[in-house]
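What follows is calculated from the coordinates using simple rules that are stated; it is not laboratory data. What you are looking at is a predicted structure, and each value in this text was computed from that prediction instead of being measured. Backbone-built Cβ (ideal geometry, glycine too); neighbour counts: all protein chains shown.
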Amino acid sequence: MSDQLPDDAILGSRRLPAPEKAVCQAKSSSEEIELGCRRKKPHQNHALSFSTLLASCLWLFAIEVVEGLIHRPPLAGRSSLSGILLAAQLRSGSTGDASLPPAEEEAAPAFLPEYTGVDVQFDWELAGRPIPLAAERALLESGVLWRRGEFNRIEGRRVAEVEAKCRELGMTRDQGFFVRKQLAVTKVMRNTWKLKGENFDNVEREFSKRRRTLLQLGRDLDLPPVSIFRAVLRQRVDVTYPDMLHRDKKQLVKSVISADDAGADLGHSLLTEWENEQLQTAKEFDIIGYSAVASEIESNKWEEAIYTFLDDRDVNYLAEDDMRAVGSRITPDCLLLDDCVINGREVRWIDAKNYYGSGLRESNGMMNKMKKQIAKYEAEFGGSGAIVFKHGFSQKFTRTLPSTLFLDSGPLHLR
């Protein structure tokens with residue numbers, strides 16, 4: 001998607017009939033964009049409190065350790081090592097070319113959606129009942145979900161153990177696996193101190209000098225092997241490119257781990273053949289510190305299933321990409337332009353979650369994140385919405401966040 005919108009661009013909202021299209025004015029200049037929306041109020045800048053800023057800084061390192069959980073492909077146009085390094089030099093001003101003007105950040109156009117006023121009602125039958133928090137707690141305390149150093153995809157007898165316990169508690173196997181993964185992320189976040197200061201120096205020496213494998217170190221430290229490798233590689237990038245901006249260093253590390261074209265070039269210069277082999281092995285045995293692109297593809301398919309469901313009912317709506325294209329910074333997966341009532345509840349927006357919604361406090365702060373996200377959507381669009389969890393959700397969500405309708409994959413046709 002291009003950074004600049006062409007004049008008189010037509011960005012169709014899904015299923016919006018042509019006679020009813022409204023005009024959305026995007027006034028970064030004098031552009032007019034035909035869309036199922038109109039001008040949105042400009043966003044106000046809110047100053048971050050000192051405590052919020054401090055908390056963000058403290059968690060930055062922890063997030064980087066497990067950032068492979070949300071795997072993003074390298075940025076478009078940065079597919080080569082030279083491209084990444086050049087972009088980094090331009091941002092840091094280290095090219096030595098005084099003729100290059102500083103990059104100007106283009107203001108995002110504002111938009112306010114124009115709702116159709118059309119009344120739409122339909123039912124969304126749930127595939128299963130919300131899971132009691134007591135059942136989730138019993139699964140956690142049973143001890144079947146986790147073994148020390150077990151960051152790989154479990155198989156055989158271990159799968160049977162988890163499945164049997166889930167069935168006993170009225171949960172599905174997939175729900176148990178998602179709880180397991182969420183708990184693993186929390187565990188890693190709490191153990192990041194093992195990759196800092198003198199602790200990291202010992203880890204780096206064990207790996208680089210004594211050639212202890214990443215899988216061995218993962219068992220010893222009870223940390224994902226790819227997360228350990230990420231910490232080692234980040235330190236080498238810091239030493240090799242000391243003047244590079246932090247975000248560009250992160251991009252280089254991601255490129256090496258994902259083994260794209262740029263990463264292959266950099267991997268040969270920063271890593272030995274043995275270390276490259278270790279990385280490939282670690283990726284095969286780690287679903288916590290590294291997530292393949294396939295998971296992102298599955299998320300996209302899940303969102304498309306919801307769009308198809310709405311299309312089949314002739315519901316007018318804007319998809320996330322539509323809103324982002326006209327400058328909206330707050331983008332649920334779906335903004336309903338019609339006045340929709342689902343299961344007797346008014347719903348203005350829908351957000352899709354490609355996982356199980358656990359109510360356990362050990363589940364990586366999921367409930368607090370959901371509260372913040374819902375509050376943001378309600379403030380922006382002036383109405384309550386629905387969260388659709390692909391693999392079901394805990395009863396705690398309906399009790400804690402009563403303004404929101406929680407749904408599962410129920411009527412969606414998933415392959």
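In terms of other Cβ atoms within 10 Å, 341, 239 run from fewest to most in the order 239, 341. In this simple spin-label approximation, residue 343 and residue 361 carry label points 7 Å from Cα along the Cα→Cβ vector, and these lie 2.7 nm apart.
How charged is the neighbourhood of residue 130? Take every other residue with its Cβ under 13 Å from the Cβ of residue 130, and add Lys/Arg as +1 and Asp/Glu as -1. Here the charged neighbours net out to +1.
Would you mind giving the average projected area, over all directions, of the Cα convex hull of region 133-285 in nm² with one decimal? With every direction weighted equally, the projected area is 10.5 nm². Among 413, 268, the ranking by other beta carbons within 10 Å of each residue's beta carbon, starting with the fewest, stands as 413, 268.
The value given for region 190-246 is a Kirkwood hydrodynamic radius of 11.7 Å, derived from the mean inverse Cα-Cα separation.
Each principal axis of the Cα cloud of region 206-339 was evaluated for its coordinate range; sorted largest first, these ranges are 64, 34, 25 Å. Per q in 0.19, 0.23 Å⁻¹, report the Debye log10 I(q)/I(0) for region 288-411, using one uniform scatterer on each alpha carbon and no solvent. For the requested q values the scattering log ratios are -1.18, -1.62.
Too long at a 25 Å Cα-Cα cut-off: which of 353/376; 301/369; 254/372? Listed pairs above 25 Å: 254/372. From least to most packed, judged by other beta carbons within 10 angstrom and beginning with the fewest, 190, 137, 348 follow the order 190, 137, 348. FRET efficiency for the pair residue 155 and residue 281, taken as 1/(1 + (r/R0)^6) with r the Cβ-Cβ distance and R0 = 25 Å, rounds to 0.90.
Relative contact order of region 133-285, taken over Cα pairs closer than 8 Å and 6 or more residues apart, is 21 percent.
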